[in-house]
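No lab work stands behind these numbers, since they all come straight from the coordinates. Keep in mind that this is a model prediction, so the values were computed, not measured.
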Ligand code: F3S
């Protein structure tokens, strides 16, 4: 599967959802995840993300491995709904884009 990592938190640019052929993105308040049961590993979303948040599972940086389980969990979580159309990013997206250590900012 492919995985949305920390860089998406507080950004949510949503360019990724426009190109997904299987509509596997799920949206929370300030983060998106990929439903691993739906992703077909086409990889077209990777270059679309301005924050560089999306990785093939096997390419995830070591400090992002927790996001494999987090994507799977949140894809099934209450209130996390399918998103298939691009929309405006979060207002402070550009300020948060290059920040690290954002996991504590995640709103479920
Ligand atoms: Fe997030 Fe990047 Fe998509 S910031 S919403 S993974 S384009």
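For region 2-81, the relative contact order comes to 41 percent (Cα pairs under 8 Å, sequence separation of at least 6). Size of the chain from its Cα atoms: along the principal axes, largest to smallest, the extents are 31, 30, 29 Å. Fully extending the segment from residue 58 to residue 88 would add 7.8 nm, taking 0.36 nm per residue of separation and subtracting the current Cα-Cα distance.
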